[in-house]
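Peer 1: Have a look at the structure that comes next, please.
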Amino acid sequence: MHQGLIVDLTSNIALDAAKIGTQIKLPLADSVILATARIHAAVIWTQDEDFKSIKGARYIEKKTKGGR
């Protein structure tokens, strides 16, 4: 957490998030994350399937018990 950057939710990010949410049917919190990442040219590393096919996100499938 100390290596990260804390970013305020600005009106620009909120408006971008609203557009993203309606365009690609992404939940609000995920839209805010994606809009913030795009504004800061950051890559999202996630195990959230909502980001599976989104440009700028790197989806890593969750491993189940037993390593499968």
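The values are calculated or read from the model by the stated rules, or taken from the named source; none is laboratory data. As the structure is a prediction and not an experimental result, all values here were calculated from the model. Cβ atoms come from the backbone with ideal geometry, glycine included; neighbour counts cover every protein chain shown.
Peer 1: Of all residues in region 12-33, how many are among the polar types (S, T, N, Q) and under 18 Å from residue 47 (Cα atoms)?
Peer 2: Here the count works out to 1.
Residue-wise test of (1) surrounded by fewer than 18 Cβ atoms within 10 Å (Cβ to Cβ); (2) touching a residue at least 24 places away in the same chain (Cβ under 8 Å); (3) under 24 Å from residue 61 (Cα atoms); (4) in contact with a Cys (Cβ under 9 Å, 6 or more places away or on another chain).
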{"residue": "4", "(1), (2), (3), (4)": "yes, no, yes, no"}
{"residue": "11", "(1), (2), (3), (4)": "yes, no, no, no"}
{"residue": "16", "(1), (2), (3), (4)": "no, no, no, no"}
{"residue": "21", "(1), (2), (3), (4)": "no, no, yes, no"}
{"residue": "27", "(1), (2), (3), (4)": "yes, no, yes, no"}
{"residue": "31", "(1), (2), (3), (4)": "no, no, yes, no"}
{"residue": "40", "(1), (2), (3), (4)": "yes, yes, no, no"}
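Peer 1: Something else now. Could you check how many residues of region 26-64 are of a type in the set (Lys, Arg) and either touching a Leu at 6+ places or on another chain (Cβ under 9 Å) or within 19 Å of residue 12 (Cα to Cα) (or both)?
Peer 2: Selection size over region 26-64: 1.
Peer 1: Across region 25-36, what is the total count of residues that are out of contact with any helix residue (DSSP H, G or I) (no Cβ under 8 Å at 6 or more places or on another chain) and modelled with pLDDT of 95 or more?
Peer 2: 2
Peer 1: Could you check region 27-65 and list, in sequence order, the residues that are over 21 Å from residue 3 (Cβ atoms), outside any helix (DSSP H, G or I) and either among the β-branched types (Val, Ile, Thr) or touching a Gly at 6+ places or on another chain (Cβ under 9 Å) (or both)?
Peer 2: Passing the criteria: 27, 54, 64.
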